[in-house]
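> Take this structure first; my questions come after.
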Amino acid sequence: MGDRNQGKLTTQVLSDHIAAAKIIQRGGVVAFPTETVFGLGADATNPTAVARIFSAKGRPGDNPLIVHIADAGQLPSVAMDITDSALALLDAFSPGPLTVVLPKHANICAEATGGLESVGVRIPKHPLAAAFLQATELPIAAPSANLSGRPSPTTWQAVVEDLEGRIDAVLRGEPTQIGLESTVVDCTTDSPTLLRTGAISLSQLQQVVPSTRASVDNGSRSGTEHLRRSPGTRHPHYQPTAEVDLVDRVSTVPSAAPDAAYIGFAPLPDGNWMWHEVFDSLEDFARGYYEALREADRRHARRIVVELARGDSPIVDALRDRQRRSAGHQP
Ligand code: TXA
Ligand code: MG
C-alpha cells in the first residue's frame, strides 16, 4: 500500500458471496446487488459495524436502515407483533421489492433503526443477494450503496464511484433489474400506510390489504406525522450534481443548450443536446434513470432536462416520485 493510501481502506471487488459473507461476520461493510438497487450491508446486531455504514455514506444518524433477511423464517428474530396485514403483504410480495415496517426485536441494534422502536424488513428476490444473506447467517442492515443524497447505484461500478476506499468490498453483479428502491409500508398499525412508493404500487397493495393508505399528500395525514413515521424522507435524495429540470411533455422542452443533457422517452426532442438517453418503456426508464443521471454528471452537464414519467404501469408513481426528488422537490 503506497503512502497516499495510508489509513484508507482498499475496496475489494468480489465475485464470491461466501468471501463477502465472511467479511460481514468480521464486522465489515460490503455492498451487494438486489433486484432494486445495490445495498451497503453490515451485521444489524453489531453497532460498530452499523456505524461504519453511516460514516461511509455520510448518512444522517436518524435515518433508519432496512434490515435484510434471507427468508421469512428469520422474521421472528428481527421483528415482533407481526400483524396479519404484514403477513398478507409479505405472502403476496416477498421475496421481492417490498419492505414492511414492524416493531423492532431487541436483536437489532438501536443504531440500525436510527433510534426508532420499529424496523423495516425486506427479503430480496435476487439470487446472489439471497445466497449472500444466507451465508452471513445474520440479519443485514443495508441502505442503498451511494454517498448520501446521490442517486442510488444500479451497477457495481457506480458503488465503486461513490464508495471506493470507504467500504471493505463490493459483491459484483449484473446491473439491477428494477432500478428504483423497494416499496416501504408501515405495518405497525392495523391499516398499513405506504411510506415510499416502489415497483409495488398502492393499488397492488390495496388488492391484498384494502385498508392500506397513502400517507403522502392525500390530506389525511399531516406532514409531521409522515416525518415521524419515515424520518428518511426529510433529507435530500437521488440528486446529481447537475441541476435537474422536469418537463411535462416534449412540446414544453426548452431549446437544447450545449451544456444540457436530456433524459426522457423516445423520440429525442429536436436540438443539439450534449448527451441524451431516451427510453422506450416506463420499465426501462425506471431501470436506467439513476445511471443516466450519473452519466450526465460524468460528462459535466450543467443541466439535465428530464421528461416526467406518464403512462400505465405500476412503476409510474415511483418513477415520478424519484424524478421529483432528483430535482430537489419535497415529497
Ligand atoms: O430497495 C431498497 O429498499 C434498497 C435495497 C438495498 O434494499 N434499500 C434502500 O435503503 O433504499 P435506504 O436506506 O436508501 O432507504 C430506506 C428507506 C428510508 O426512506 C427510511 O427512512 C425508510 O426506508 N425506513 C427504514 N426503516 C424504517 C422504519 N423503521 N420506519 C420508517 N421508515 C423506515
Ligand atoms: Mg437511499
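Values quoted throughout were computed directly from the atomic coordinates according to the rules given, and no laboratory measurement underlies them. Note that the structure is a prediction, hence the values are computed from the model and not measured. FYI the Cβ positions are ideal-geometry reconstructions off the backbone, even for glycines, and counts take in every protein chain you see.
> Exposure proxy check: Phe38, Phe279 ranked by fewest other beta carbons within 10 Å?
So the residues, fewest neighbours to most, are Phe279, Phe38.
> Here's another thing I want to ask about it. If R0 is 22 Å, what FRET efficiency do you get for Arg299 and Arg249 from their C-beta distance, rounded to 0.05?
0.30
> Give me the percent relative contact order of the chain, please, defined on Cα pairs under 8 angstrom at least 6 residues apart.
Computed over the chain, the figure is 20 percent.
> Charges only on Cβ, +1 for Lys and Arg, -1 for Asp and Glu: so what's the dipole of the stretch 243-326 about the Cα centre, in debye to the nearest 20?
Roughly 260 debye for the stretch 243-326.
> Positive end of the dipole of the chain, charges at C-beta (+1 Lys, Arg; -1 Asp, Glu), about the Cα centre: which of Ser144, Thr34, Leu90 has its Cα farthest in that direction?
Sorting the options by dipole projection puts first Ser144.
> For the chain, set up a GNM with springs between Cα atoms under 10 Å and report which of Gly271, Gly58, Gly179 has the largest fluctuation.
Gly271
> State, to one decimal in nm, how far the label point of Glu161 lies from the label point of Gln207, with both points 7 Å from Cα in the Cβ direction.
3.5
> Which distance in Å, rounded to a whole number, links the C-alpha centroids of the stretch 35-86 and the stretch 300-318?
The stretch 35-86 and the stretch 300-318 have Cα centres spaced 29 Å from each other.
> What shape does the stretch 243-326 have by the C-alpha gyration tensor, where a ≥ b ≥ c are the square roots of the eigenvalues, rounded means a/c under 1.5, and otherwise prolate means a/b greater than b/c and oblate the rest?
Because a/c hits 1.5 or more and a/b exceeds b/c, the stretch 243-326 counts as prolate.
> Relative contact order for the stretch 243-326: what is it in percent, counting Cα pairs under 8 Å that are at least 6 residues apart?
Computed value for the stretch 243-326: 38 percent relative contact order.
> What is the Rg over Rh value, at two decimals, for the chain, using alpha-carbon atoms and the Kirkwood definition of Rh?
With Rh from the inverse mean 1/r over Cα pairs, Rg/Rh is 0.97.
> Next question, about the same structure. About its Cα centre, what dipole magnitude does the chain give when the only charges are +1 on Lys and Arg Cβ and -1 on Asp and Glu Cβ, stated in debye to the nearest 20?
Result for the chain is approximately 720 debye, rounded to the nearest 20.
> For the residues Arg26, Arg320, what sequence is obtained by ranking on other C-beta atoms within 10 Å, fewest first?
Arg26, Arg320
> Please work out how much length the chain gains when fully extended from Ala51 to Leu268, using 0.36 nm per residue of separation minus the C-alpha to C-alpha distance, in nm with one decimal.
Extra length available between Ala51 and Leu268 comes to 73.7 nm.
> GluC sites (Glu not before Pro), restricted to the stretch 132-191: which are DSSP loop and have at most 13 other Cβ atoms within 10 Å?
Counting only loop positions with at most 13 other Cβ atoms within 10 Å, the GluC sites (Glu not before Pro) in the stretch 132-191 are Glu137.
> Return the FRET efficiency for the residue pair Gln330, Gln134: r is the Cβ-Cβ distance, R0 is 35 Å, and the value is rounded to the nearest 0.05.
It comes out at approximately 0.35.
> Grab the DSSP H runs of the chain that are 4 residues or longer, score each as -39,500 (n - 2.57), total them, divide by all residues and round the 222 nm result to the nearest 500 deg cm²/dmol.
-8000 deg cm²/dmol
> Okay, next question. Given axes a ≥ b ≥ c from the Cα gyration tensor, I'd like to know whether the stretch 94-142 is rounded (a/c under 1.5), prolate (a/b larger than b/c) or oblate.
oblate
> Additional query: How big is the dipole moment of the stretch 136-188 about its Cα centre under a simple scheme where the beta carbon of each Lys and Arg is +1, that of each Asp and Glu is -1, and everything else is neutral? Debye, nearest 20, please.
80
> I'd like to know which of Gln25, Ala199, Leu319 lies farthest towards the positive end of the charge dipole of the chain, counting +1 on Cβ of Lys and Arg and -1 on Cβ of Asp and Glu.
Selected residue: Gln25.
> Among Trp273, Trp156, rank each residue by its count of other Cβ atoms within 10 Å, from fewest to most, as a rough exposure measure.
Trp273, Trp156
> What FRET efficiency comes out for the pair Asp16/Asn107, r = Cβ-Cβ distance, R0 = 35 Å, nearest 0.05?
0.80
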